[in-house]
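Notes follow the structure.
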Amino acid sequence: MCGIVGFVGHKNAANKIINGLKRLEYRGYDSAGIALVEKGSGKLCVIKTAGKIADLEHEVQSGYSGSSETGIGHTRWATHGKPTKDNAHPHATEFIALVHNGIIENYADLRKRLASYGISLYSDTDTEVVAQMISFLFSKGASPLEAVQQTISLIQGAYAFGVVFNKHPEMVICARQGSPLAVGTDVDGRLSLGSDAVALSGFASQIIYLESGDIAQLYSNGNLNIFDKENNEVKRQWQPIDKDQAAPDKKGYEHFMLKEIFEQPSTIKNTLTHYIGRAVNKTDNVLETNIHPSGLNWNQINHITIVACGTSYYAGLVAKYWFEKYARIPVEVDVASEYRYRTPPIYEKSIGIFISQSGETADTLAALRYMRSLGHMCAAIVNVPTSTLAREADAVLPTFAGTEVSVASTKAFTAQMTVLAYMLIEALKTRNCIDLSADFAKEILDINELISRALDTMQKLAPLAKKLSKAKDIIYFGRGALYPIAMEGALKMKELSYIHAEGYAAGEMKHGPIALIDKGMPIIVLCPYDKDGLFHKVVSNICEAETRGAQISVLTCNKGRALFKEMGLKYSTYLYPETTQFTAPMLYSIPVQFLAYLTALNRGVDIDQPRNLAKSVTVE
Ligand code: M6R
């Protein structure tokens with residue numbers, strides 16, 4: 001989603017801004033721009049493109065010969081107004097230039113107000129009203145800080161913005177409300193600003209995450225003034241930049257997504273190591289597991305509400321199956337964009353679990369704030385420990401997946417399920433289901449091995465992916481805790497290959513969706529054998545679809561394939577290690593990720609940055 005960088009007092013600011021924007025490319029964007037303030041003349045130079053950063057870089061190299069030390073840059077993910085050059089940021093007037101991330105909800109009212117001052121707008125964006133208002137107030141004699149403060153008092157919505165003034169090449173002002181924004185400093189005390197630590201990791205050694213409501217003035221001499229939402233000057237804590245957030249590297253893989261799929265055995269292991277220990281008792285050789293305490297009191301928790309978006313939501317749905325079946329704790333799972341608008345009932349002894357890779361997803365954050373405002377304990381499962389969600393939650397359970405660059409989430413998803421599995425194991429132990437807890441702990445500690453074995457055979461999916469790449473629609477079947485994985489498989493397929501795909505609970509098919517099936521429609525079925533599971537029920541559902549002409553491909557295990565043979569059913573089968581109902585969702589996530597990857601590869605699309613998508617969705 002929109003990304004912001006800015007520098008003040010840095011030699012060759014234009015280069016630095018372009019490099020900062022390159023680091024933000026992973027967030028997803030459709031246009032970009034840069035504004036520089038000339039030191040002597042105070043001239044504002046704005047260069048924008050409706051294309052990629054490489055195009056912007058080319059335009060800057062060919063069209064800019066100044067030597068500015070101060071400037072701001074932006075990658076735009078269009079919300080209001082098409083991704084055109086006019087709508088790209090920075091939005092500039094004679095006096096100022098501004099970049100913004102967020103949505104100004106009352107932009108229509110502000111447009112009218114500006115019209116009454118005789119100011120007309122050139123773009124279709126919500127952002128331009130902020131630029132025009134600051135510029136208007138500044139032109140009428142307000143200081144830069146006053147112009148920003150007065151404008152902020154007029155705007156409603158979420159924002160992180162940076163603004164430069166033609167008459168103040170020594171300064172950048174920035175502010176945030178809702179959307180994330182950070183200030184960085186290098187070892188020489190030179191200041192910068194960015195949407196996240198990744199944007200600043202090449203330039204800054206320390207960082208301050210601004211609080212919601214903060215306004216900061218950054219000066220070229222290294223002075224930094226921060227004002228809180230009451231306009232009181234405040235000090236905020238510098239933190240070292242996490243090396244993990246340094247510029248990402250594909251490490252020889254063709255795509256970040258491929259690298260991240262293959263990292264899963266080690267990212268799951270990293271996550272597990274933090275939550276569950278394993279030891280061999282030397283006397284009798286018994287494997288012992290040690291469940292590290294999370295600080296949550298499972299004896300006091302009788303209900304769980306899980307809130308998340310997209311792939312993280314599906315991790316929550318898997319947890320619902322786990323917690324309800326094994327710990328007998330009722331679980332509600334909500335997509336974050338719906339949660340607070342449906343005025344949900346609040347339960348006694350209930351905990352909210354908010355799941356997010358980025359920790360910056362606007363809907364998930366808004367839902368967390370809503371639930372906390374009702375006095376509820378809220379825990380966050382996040383991959384970015386410095387994120388807003390992590391900072392605002394009452395308890396944080398980090399995933400240790402490392403920076404996930406590909407827009408399509410893979411390793412963060414399995415790490416989220418790992419943490420949820422650990423929470424289940426801890427809950428079972430606390431609630432006196434000691435044996436089940438110990439069994440699950442042992443099982444989960446071996447999942448990375450099973451995933452490694454599954455990864456060794458992934459290329460076998462290549463012929464299927466080739467066929468799928470020509471399909472118009474694809475259906476995924478799963479039941480039980482594999483139903484969320486069927487939906488996740490369909491989501492991955494949609495976002496990467498742009499092929500329409502849906503995941504269904506296989507038994508639901510005959511209640512409507514079966515009408516879609518005609519000759520050759522591909523159906524991917526997640527159907528490992530498990531002794532007390534739904535294997536035979538899924539087989540019946542497959543038969544119903546096959547009779548109507550569907551082309552069935554089954555992801556299963558040896559035992560499953562043997563049973564298909566016994567029943568005389570000849571489907572294309574893809575084999576994975578034996579699992580239980582508990583571990584199956586984690587293992588079967590891998591082939592559905594890989595299938596989507598290979599299908600997209602066949603279609604020659606941009607795998608790491610699919611069209612229209614953003615890595616961190618910071619607007620509602
Ligand atoms: O950062 P989050 O986990 O909060 O993001 C939630 C979704 O936007 C995200 O999972 C999205 O669905 C991915 N692109 C899926 O691959």
Open item on the list: Looking at the structure I just gave you, is Lys349 at positive phi and at pLDDT below 95?
Closed with: yes
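Hey, could you check segment 172-192 for residues that are without any contact (Cβ under 8 Å) to a residue 40 or more places away in the chain and buried (at least 24 other Cβ atoms within 10 Å of the Cβ) and say which is farthest from Ile208 (Cα to Cα)?
Arg176
Out of the residues in segment 465-484 meeting the condition of being part of a helix (DSSP H, G or I) and open to solvent by 10 Å² or more (accessible area, probe 1.4 Å), tell me which one is farthest from Gly507 (Cα to Cα).
Across segment 465-484, the extreme among qualifying residues is Lys466.
Search segment 362-392 for residues being within 13 Å of the ligand (Cβ to nearest atom) and part of a loop (DSSP other than H, G, I, E, B), and hand back the single one that is most open to solvent (accessible area, probe 1.4 Å).
Per the stated criteria, the residue is Val384.
Do we find that Ile607 is open to solvent by less than 10 Å² (accessible area, probe 1.4 Å), modelled with pLDDT under 95 and either within 16 Å of the ligand (Cβ to nearest atom) or among the basic types (Lys, Arg) (or both) in this structure? Before you say what the answer is, go through the steps one by one.
Working: open to solvent by less than 10 Å² (accessible area, probe 1.4 Å): yes; modelled with pLDDT under 95: yes; either within 16 Å of the ligand (Cβ to nearest atom) or among the basic types (Lys, Arg) (or both): yes.
Criteria met by Ile607.
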Task: Checking Lys494 against (1) away from the ligand (no atom under 16 Å from the Cβ); (2) open to solvent by 20 Å² or more (accessible area, probe 1.4 Å), the condition it does not meet - done: (1)
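Please go through segment 575-604 and pick out each residue that is surrounded by fewer than 20 Cβ atoms within 10 Å (Cβ to Cβ) and either assigned to a loop (DSSP other than H, G, I, E, B) or of a type outside the set (Lys, Arg) (or both). Write out each step before concluding.
Taking segment 575-604 first, the residues surrounded by fewer than 20 Cβ atoms within 10 Å (Cβ to Cβ) are 575, 577-578, 580-581, 602-604.
Result: Leu575, Pro577, Glu578, Thr580, Gln581, Asn602, Gly604.
Which residues, counting only those in segment 408-439, are away from the ligand (no atom under 16 Å from the Cβ), open to solvent by 10 Å² or more (accessible area, probe 1.4 Å) and of a type outside the set (D, E, K, R)?
Of the residues in segment 408-439, the ones away from the ligand (no atom under 16 Å from the Cβ) are 421-439.
If we keep only those that are open to solvent by 10 Å² or more (accessible area, probe 1.4 Å) as well, we get 426, 429-436, 438-439.
Within segment 408-439, Thr430, Asn432, Cys433, Ile434, Leu436, Ala438 qualify.
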- [ ] Kindly provide the set of residues from segment 194-203 that are open to solvent by less than 10 Å² (accessible area, probe 1.4 Å) and either assigned by TED's automatic domain parsing to the domain that holds Leu365 or more than 21 Å from the chain's Cα centre (by Cα) (or both), ordered by number.
- [x] none
TODO: All but one of (1) within 27 Å of the chain's Cα centre (by Cα); (2) surrounded by 22 or more Cβ atoms within 10 Å (Cβ to Cβ) hold for Gly157, so report the exception by its number.
DONE: (2)
Task: strands (runs of 3 or more DSSP E) wholly inside segment 138-217 that include at least 2 residues being among the polar types (S, T, N, Q) - done: none
Task: Residues being in contact (Cβ under 8 Å) with a residue 60 or more places away in the chain and either over 17 Å from the mean Cα position of the chain (by Cα) or more than 20 Å from Leu397 (Cβ to Cβ) (or both) - total across segment 326-362 - done: 5
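I'd like to check which strands (runs of 3 or more DSSP E) are fully inside segment 263-361 and have at least 1 residues that are of a type in the set (Asp, Glu), within 16 Å of the ligand (Cβ to nearest atom) and open to solvent by less than 40 Å² (accessible area, probe 1.4 Å). Quick ask: steps written out before the conclusion?
Values: elements: 276-280, 287-291, 303-308, 331-335, 350-356.
Correct list: 331-335.
The values are calculated or read from the model by the stated rules, or taken from the named source; none is laboratory data. Remember, predicted model here, so these are calculated numbers, not experimental data. Every residue, glycine among them, receives a Cβ derived from its backbone with ideal geometry; neighbour counts consider all protein chains shown. Each accessible area value is taken on the protein alone, full model and side chains, heavy atoms only, with ligands, DNA and RNA left out. Shrake-Rupley method; radii C 1.70, N 1.55, O 1.52, S 1.80 Å.
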